[in-house]
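S.K.: Structure below; questions to follow.
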Amino acid sequence: MSKIRTVLLFGDSNTHGTKPMHALSDLGRYDRSERWAGLLQGLLPQWHVIEEGHPGRTTLHDDPIEGPHRNGLKVLPALLDSHRPLDLVVIMLGTNDLKERFSVNAGDIALSVGRLVQEIRGSVAGPEGTAPQVLVIAPPPIIETGCLAEIFAGGAAKSHQLAKRMQAMAAREGVAFLDAGNLVEVSPIDGIHYGPEANPVLAEAIAEAITRHFP
């Protein structure tokens, strides 16, 4: 029998499975059988899929409004330790860095994801004290609309540069890359989260990428 490998999905609300928001008070989440992270487990029977999506998570910024616990770099070492040994970490972050309050460009966001990659590659959280492998996923471009439009003011234009910058960063770091913007679009309801039709498409593409890059 083949050994079961473990993959950690490290992301934000779109890994969490947050539904498009009509109002800031909306807390809807897709069921595990609907969200892409849950669907991924069914497509990868030889993998144990750990869902670690936190709404509002940034790459490495303390959020002055939503709280410092949204800082991905701060929580990553603890997650690597608590879930080791990990064969693979999938990073899909960067969307929340587009919030106007952070004032960062697409290049800096890609470098910030690169800092997370370096943290993983420098760890001993993989099998037998090695480092886990990494797959970086560039999130799809956003739309400034609905209840989140003001929070993400100015982010839409920058979001169209993310995939190119992240792909270059992944090449420099020597890790696998996938552009989710070639696969799915954000919902026109809030311009950030995915409609239900996007989940199976993303799950199948990520399953294919994992199978191809990490056979």
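A short reminder: the numbers here are calculations on the coordinates, not readings from a lab. Since we're looking at a predicted model, the values are computed, not measured. No Cβ is skipped: glycine too gets one built from the backbone with ideal geometry, and neighbour counts run over all protein chains shown.
S.K.: Give the separation of the Cα centroids, segment 116-186 to segment 56-108, in Å.
M.R.: For segment 116-186 versus segment 56-108, the Cα centre distance is 11 Å.
S.K.: Could you check the simple spin-label distance between residue 29 and residue 145, using points 7 Å along Cα→Cβ, in nm with one decimal?
M.R.: According to this spin-label approximation, the distance is 2.6 nm.
S.K.: Still on this structure: By how many degrees, between 0 and 90 and to the nearest 10, does the Cα long axis of helix 162-173 differ from the longest principal axis of the chain?
M.R.: Orientation of helix 162-173: about 30 degrees from the principal axis.
S.K.: Lysine pairs in the chain with Cα distance under 30 Å, only those 8 or more apart or on different chains: how many are there?
M.R.: Total qualifying Lys-Lys pairs in the chain comes to 9.
S.K.: Most exposed first by the Cβ proxy, i.e. fewest other Cβ within 10 Å, how do 92, 166, 21 rank?
M.R.: By the 10 Å Cβ count, ascending: 21, 92, 166.
S.K.: A follow-up question, please. Name the shape class, rounded, prolate or oblate, that the alpha-carbon gyration tensor gives for segment 95-215, where a ≥ b ≥ c are the square roots of its eigenvalues, rounded holds for a/c under 1.5, and otherwise prolate holds if a/b is larger than b/c and oblate otherwise.
M.R.: oblate
S.K.: Moving on. For a quick check, take a GNM of the chain with Cα springs below 10 Å and name the residue from 17, 56, 28 with the largest mean-square fluctuation.
M.R.: Comparing 17, 56, 28 in the GNM, the peak value goes to 28.
S.K.: Taking neighbour counts of Cβ atoms within 10 Å as a proxy for exposure, in what order, fewest first, do 4, 137 appear?
M.R.: Going from sparsest to densest Cβ surroundings: 4, 137.
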